[in-house]
Structures are given as C-alpha cells and as structure tokens.
Amino acid sequence: MVASMALLLVVSAVGMVADDRVLLGAPVWGKPLKFAVSFIVYGLTLAWLLTLPHRASRWTWWMATLLAVTGMLDVGVVVVQAARGTFSHFNQADDPFNNVIQLIFSVGVQLLMLANFVLAGLLIFQRVGDRVLTWAIRAGLTFVIAGIGLGLLIPVRSNEVWMAKDAAGHAIPLAAQHNVGVPDGGPGLPLTGWSTVGGDLRIPHFVGLHGLQVMLVVALVLGLLASRVTRLRDERTRAGLMIVAAAAYAGLIVLVTWQALRGQALIHPDGQTLGALALLMAATTAAVRAVLAAGGSPAPRRPVRSVT
C-alpha cells in the first residue's frame, strides 16, 4: 500500500504541473497528492508498529491487511474522480458510473474505519514496549479514532445538497461542505487548501488522524534526551511527560475544532482563541514542571540495621 501511494505521489506531482484543471479553485490532482502523503505516513507508522511484540498479532495482521486494501481502494476512487475532473467526496451526480464509484467509496470508507477501530481496540489495552511508548501508542490511536469521528462531523453538520462546478464547468450536487461560515472553494493555505477566510473542519480531522505520529515523535525525543538530561533517565518521569504531551494534544484538537465550528480561519485567531491557547500552554507548562519536580525528588532511604 505504501509503495502504491509513493507511486501515486509521483503521478500526482506530475499532474499538478501538467494538468491545469481545477475543482473549487484547487488543482484536480491536489487531493490525490494529499491522500498519498497521508497514507504513506500512516502506512509506514503502522507497519513499524506491528513489528513490536504484542498480543493478538494474527488479528492485527488481518486488520492491517484490510486497512491497506481498503486504503488503496478508496484512494483509487479519489484518483479516478480526479482524472475525470470531478468530485470524489459527497458527489451526488445521478449517472451510472458515479453511482458505482460512490458505492465502492462508501463501502471502502466503512471498512477502513472498521479496521482502524479494531486495531485501536486491540492495541490500546495492552502494553507495547516500555511505559513511554505504550502511552504514546495509546494516546496516538485514540487521536486517530477522534480524527475519524471529526471527519464524520463534516457530512453530519452540513447535510444540505448544494451545487458546485466540476473541472468541465458542469454543475454537480454535493451533499456536504467542509468550510464553516464561508462557501467551499475560497482562498486557502498552500498545499493543504485549508480556508484562510473561514472555519474549516478538515483541520481537526487532520490533526486527529496524525496524532499517532506526533505522539511517537514525542516518545522518540524523550528517549534521545534521556541520555543527556539526568531527570529524564527515570522511565516514570518520561512516561509522566508523555501523558502531559497527550493531554496537551487533546486540548489542541478541542481548540482547533472549536475554532473551526465558530467559522474562524486557523491563521486568524481572535482573542478568545488566543486566550484558550494561552491557558492550554500555561497548564501544559505547569504539568511539565510538576512531573519533573516529582521525578527529581530523591527516594527516601531505608534505615540501615546493624547486624550483631
């Protein structure tokens, strides 16, 4: 799956240059490129994760296989629709080919979610590696599930059909919008396309889905620092800092979700958003200091009894 996504990354990059068609102001090959990058990162992470000793390895192997197959299937739909110059997500066009494509896409998405849910359920409740890595995996997989749930918020919140033009200028009915407060297709950030003028529910979806990689990076950094910082040589201290990082990231997901639902662009936070961010940073700093202070306290010595 990762190999196929790497090939798609090259094809999409060429398409971005050679194909000047656009959908809602974005290049038609922009979405396949973003999906390729996302699945490469997640696929490599999962492939490495499943090499670690864990229980129910046969179940995790089957679920990872299901995830790989359905991942290629769903991204394949995105590629086909991009080549056709039309929409892959929420496309309600009433033509036979699109009806088949949307049925395949829908089944694939449901199986993809099922594979993620079962994998998370199998791995969250067991110890994989040391305490730090275990907490990183538990938190990261929880964030993946949260990211999936936040993605479902897009069609749930905006369930009215609206019309958008495909790359050929044909009006296509779409069942949902990811922007809040502004129509889809306005000004967006480079590469991601996230709205710069209104809220965008793709942001919390993305932040949640890639929380696993963030948590694993934090665990890696803590491990590297342990050889240089005396206080971090205690595994319990590093585990405590890992839990703090997970809590801070959970707060970040809540913050960007709240910001998007209020119709506010990520790069234009108001006073309320900045205040909430400041509180989150202050609470995180206080928690880090508390963990380091507790870890730095010398253990009480037992009285030495003389042997007579």
- Message: Pairs please, first residue from segment 186-213 and surrounded by 24 or more Cβ atoms within 10 Å (Cβ to Cβ), second anywhere and at pLDDT below 95 and basic (K, R), Cβ atoms under 8 Å, 6+ apart in sequence or on different chains.
- Response: L201/R157
- Scan segment 48-66 and report the pairs whose first residue is in contact (Cβ under 8 Å) with a residue 60 or more places away in the chain and not assigned by TED's automatic domain parsing to the domain that holds R138 and whose second residue is in a helix (DSSP H, G or I) and hydroxyl-bearing (S, T, Y), with Cβ atoms within less than 8 Å and a gap of 6+ or a chain change. H54/T60
- Message: Residues that are among the hydroxyl-bearing types (S, T, Y) and surrounded by fewer than 18 Cβ atoms within 10 Å (Cβ to Cβ): does segment 70-80 have at least one?
- Response: no
- Within segment 112-149, can you find the residues that are closer than 21 Å to R202 by Cα and in the same structural domain as V75 (by TED's automatic domain parsing)? L112, M113, L114, N116, F117
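Looking at segment 218-237, is at least one residue part of a helix (DSSP H, G or I), under 17 Å from the mean Cα position of the chain (by Cα) and modelled with pLDDT of 95 or more? First the steps, then the outcome.
Taking segment 218-237 first, the residues part of a helix (DSSP H, G or I) are 218-226, 230-233, 235-237.
Next cut, under 17 Å from the mean Cα position of the chain (by Cα) only: 218.
Filter once more, so that each one left must be modelled with pLDDT of 95 or more: 218.
Yes, there is a match, as at least one residue in segment 218-237 is part of a helix (DSSP H, G or I), under 17 Å from the mean Cα position of the chain (by Cα) and modelled with pLDDT of 95 or more.
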- Task: Count, please, the residues in segment 66-123 that happen to be in contact with a helix residue (DSSP H, G or I) (Cβ under 7 Å, 6 or more places away or on another chain) and not in a helix (DSSP H, G or I).
- Result: 4
- Query: Taking segment 190-200, which residues are in a loop (DSSP other than H, G, I, E, B) and either outside the structural domain of D166 (by TED's automatic domain parsing) or under 14 Å from Q259 (Cβ atoms) (or both)?
  - Reply: W194, T196, V197, G198
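The values are calculated or read from the model by the stated rules, or taken from the named source; none is laboratory data. Note that the coordinates shown come from a computational prediction; the quantities given were computed from them, not determined experimentally. Heads up, the Cβs are rebuilt from the backbone with ideal geometry, glycines too, and the neighbour counts pull from every protein chain shown.
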